[in-house]
Amino acid sequence: QVRLVESGGGLVQPGGSHRLSCEPSESIAGFYSMAWYRQAPGKQRALVALLGRDGGTNYPDSVKGRFTIATDSAKNMIYLQMNSLKPEDTAVYFCHGIVSGKVYWGQGTQVTVST
């Protein structure tokens, strides 16, 4: 069982930047892929950033050029850097990982973009 613990959610002004963190209970070296998803009220959970074992990334057009998924192997952390935030980025953000063929989710962290 792999635990994923997100942190860093909060209130951010439009146009601002913010970074979310995800701390896995196991080494990220063992992950097949890592990702961030988000779920806004009344909407389905949707992918916002994916990082594969080969280092390849995938972003939907809605966040491309603004969001970046990254890892720090020394700290064993997964990050989501969010820039130029918009009110429509308001959502609960979830860390996601695939390890040994199993899917794991964090508990989510709220990001609110508002004045």
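The values are calculated or read from the model by the stated rules, or taken from the named source; none is laboratory data. Predicted, not measured: the structure shown is a model, and the values here were computed from it. Neighbour counts are summed over all protein chains in view; Cβ atoms, including those assigned to glycine, are modelled from backbone coordinates with ideal geometry. Remember, those area values only see protein heavy atoms, side chains included, never the ligands or the DNA or RNA. Shrake-Rupley method; radii C 1.70, N 1.55, O 1.52, S 1.80 Å.
Does VAL63 satisfy the condition of being outside any strand (DSSP E or B), open to solvent by less than 40 Å² (accessible area, probe 1.4 Å), in contact (Cβ under 8 Å) with a residue 12 or more places away in the chain and under 25 Å from THR112 (Cβ atoms)? Steps first, please.
Details: outside any strand (DSSP E or B): yes; open to solvent by less than 40 Å² (accessible area, probe 1.4 Å): yes; in contact (Cβ under 8 Å) with a residue 12 or more places away in the chain: yes; under 25 Å from THR112 (Cβ atoms): yes.
Taking the combined requirement at face value, the residue satisfies it.
Taking the options LEU20, LEU85, name whichever one is modelled with pLDDT of 95 or more, part of a strand (DSSP E or B) and surrounded by 13 or more Cβ atoms within 10 Å (Cβ to Cβ).
Just one listed residue meets the conditions, LEU20.
With the requirement that a residue be surrounded by 16 or more Cβ atoms within 10 Å (Cβ to Cβ) and in a strand (DSSP E or B), what does the range 24-33 give you?
The first filter runs over the range 24-33 and keeps only residues surrounded by 16 or more Cβ atoms within 10 Å (Cβ to Cβ), leaving 24, 26, 28, 31, 33.
The answer is PRO24, PHE31, SER33.
On the given criteria, is PRO24 over 17 Å from THR112 (Cα atoms) and touching a residue at least 60 places away in the same chain (Cβ under 8 Å)?
When the stated conditions are applied, PRO24 passes them.
In the range 89-111, is there at least one residue being charged (D, E, K, R), surrounded by 12 or more Cβ atoms within 10 Å (Cβ to Cβ) and in a loop (DSSP other than H, G, I, E, B)? It would help to see each step written out before you state the result.
Taking the range 89-111 first, the residues charged (D, E, K, R) are 89, 102.
Imposing the further condition that a residue be surrounded by 12 or more Cβ atoms within 10 Å (Cβ to Cβ) reduces the set to 89.
Now restrict to residues that are in a loop (DSSP other than H, G, I, E, B): none.
Checked the range 89-111: no residue is charged (D, E, K, R), surrounded by 12 or more Cβ atoms within 10 Å (Cβ to Cβ) and in a loop (DSSP other than H, G, I, E, B).
So ARG53 clears everything in (1) free of Cβ contacts under 8 Å to residues at least 24 places away in the same chain; (2) open to solvent by 50 Å² or more (accessible area, probe 1.4 Å); (3) out of contact with any strand residue (DSSP E or B) (no Cβ under 7 Å at 6 or more places or on another chain) except one condition, right? Which one?
(3)
Specify which of the listed residues (SER100, SER62) is among the polar types (S, T, N, Q) and within 16 Å of the chain's Cα centre (by Cα). Spell out how you get there, then give the answer.
Values: SER100 fails: within 16 Å of the chain's Cα centre (by Cα).
Testing whether each residue is among the polar types (S, T, N, Q) and within 16 Å of the chain's Cα centre (by Cα) leaves just SER62.
Which of (1) β-branched (Val, Ile, Thr); (2) open to solvent by less than 20 Å² (accessible area, probe 1.4 Å); (3) touching a helix residue (DSSP H, G or I) at 6+ places or on another chain (Cβ under 8 Å) is the odd one out, the single condition THR71 does not satisfy?
Among (1) β-branched (Val, Ile, Thr); (2) open to solvent by less than 20 Å² (accessible area, probe 1.4 Å); (3) touching a helix residue (DSSP H, G or I) at 6+ places or on another chain (Cβ under 8 Å), the lone unmet condition for THR71 is (2).
What are the pairs with Cβ atoms under 8 angstrom where one residue, in the range 29-44, is under 30 Å from ALA74 (Cα atoms) and the other, located anywhere, is surrounded by 10 or more Cβ atoms within 10 Å (Cβ to Cβ) and of a type in the set (Lys, Arg)? Sequence gap at least six, or different chains.
Here the result reads PHE31/ARG53; TYR32/ARG53; SER33/ARG53; TYR37/ARG45; ARG38/ARG45; GLN39/ARG45, each pair linking the range 29-44 to a residue that is surrounded by 10 or more Cβ atoms within 10 Å (Cβ to Cβ) and of a type in the set (Lys, Arg).
Output the residue which, of all residues in the range 1-17 that are at pLDDT 95 or above, part of a loop (DSSP other than H, G, I, E, B) and polar (S, T, N, Q), is nearest to GLN107 (Cα to Cα).
SER17
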